[in-house]
Amino acid sequence: AQRVTQPEKLLSVFKGAPVELKCNYSYSGSPELFWYVQYSRQRLQLLLRHISRESIKGFTADLNKGETSFHLKKPFAQEEDSAMYYCALVYGGATNKLIFGTGTLLAVQP
Amino acid sequence: DVKVTQSSRYLVKRTGEKVFLECVQDMDHENMFWYRQDPGLGLRLIYFSYDVKMKEKGDIPEGYSVSREKKERFSLILESASTNQTSMYLCAHGGRAAKNEQFFGPGTRLTVL
């Protein structure tokens with residue numbers, strides 16, 4: 001069965017430090033993965049998708065099929081990056097259902 | 001600009017009451033979803049709908065039902081609210097045009113006393 005694992009509930013770093021939010025998945029088909037972000041008192045929104053291979057707000061994520069991972073990285077954290085981050089996996093074909101990890105709260109200290 | 005509205009931001013109900021949560025989208029997407037969001041558990045799918053009057057159970061449908069009479073509107077119903085249904089409820093929508101992206105509403109924080 002499909003599963004998304006985010007092992008860290010909380011990640012606390014200092015401003016300017018590198019950030020890596022971990023995500024591992026289990027899926028029998030060809031995976032399609034997203035990172036969603038929820039800032040304080042805002043709605044959940046898409047941060048990036050692996051298909052696009054883009055950098056958004058300095059964040060990147062590379063799909064590693066061998067390690068079944070899709071870790072989110074940023075070289076220099078900013079205070080405004082503080083938020084809840086969810087990794088999500090597409091399943092269910094045309095119904096575009098997503099299965100979410102349990103989320104990691106990123107706290108960037110000044 | 002994407003517009004997904006949910007009928008209430010905060011709701012307080014008593015045990016045993018019937019509760020309606022409504023979601024409206026303006027992007028003509030075929031798929032709509034209801035999740036509950038709990039600390040440490042992430043988002044869990046309650047029900048989804050892939051067309052008008054069509055619905056499927058998600059991972060945690062017990063105690064909930066849904067209604068989709070119009071394409072833009074998806075309602076979540078708690079037939080008899082219980083305290084363990086106190087949670088944040090998120091509506092989302094998406095479709096083929098969205099390339100699997102889901103767009104989320106602001107959420108309804110429901111407290112059942």
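Cβ-Cβ contacts under 6 Å between residues 6 or more apart (or on different chains), taken from a first residue in the stretch A:44-69 that is more than 14 Å from chain B (Cβ to nearest Cβ) to a second residue that is surrounded by fewer than 13 Cβ atoms within 10 Å (Cβ to Cβ) and modelled with pLDDT of 95 or more, are absent. In the stretch A:5-19, which residue that is out of contact with any Gly (no Cβ under 8 Å at 6 or more places or on another chain) and in a loop (DSSP other than H, G, I, E, B) is farthest from the other protein chains (Cβ to nearest Cβ)? Filtering first and then ranking leaves A:GLY16. Can you name the residue in the stretch A:67-108 that is among the polar types (S, T, N, Q) and assigned to a strand (DSSP E or B) and is also surrounded by the fewest Cβ atoms within 10 Å (Cβ to Cβ) among such residues? Out of the qualifying residues, it is A:SER69. Residues being surrounded by 14 or more Cβ atoms within 10 Å (Cβ to Cβ) and part of a loop (DSSP other than H, G, I, E, B) are entirely absent from the stretch B:31-39. Can you say whether B:ILE60 is in contact with a strand residue (DSSP E or B) (Cβ under 9 Å, 6 or more places away or on another chain) and not in a strand (DSSP E or B), as far as the supplied structure shows? Judged against the criteria, B:ILE60 is a match. Per the conditions (1) assigned to a strand (DSSP E or B); (2) more than 10 Å from every other protein chain (Cβ to nearest Cβ); (3) at pLDDT 95 or above, the sole criterion not satisfied by B:LEU45 is (2). If you go through the stretch B:78-113 and pick out every residue that is touching a residue at least 60 places away in the same chain (Cβ under 8 Å), more than 12 Å from every other protein chain (Cβ to nearest Cβ) and more than 16 Å from the chain's Cα centre (by Cα), you end up with 5.
Counting only residues that are part of a strand (DSSP E or B) and in contact with a Gly (Cβ under 8 Å, 6 or more places away or on another chain), the stretch B:80-113 holds 6 of them. When the stretch B:7-41 is filtered for residues that are closer than 30 Å to A:LEU11 by Cβ and either within 15 Å of the chain's Cα centre (by Cα) or aromatic (Phe, Trp, Tyr) (or both), the ones remaining, listed by number, are B:ARG9, B:TYR10, B:PHE33, B:TRP34, B:TYR35, B:ARG36, B:GLN37, B:ASP38.
The values are calculated or read from the model by the stated rules, or taken from the named source; none is laboratory data. Worth saying up front: this structure is predicted, and the values here are computed from it rather than measured. Glycine also receives a Cβ, built like all others from the backbone with ideal geometry; neighbour counts cover every protein chain displayed.
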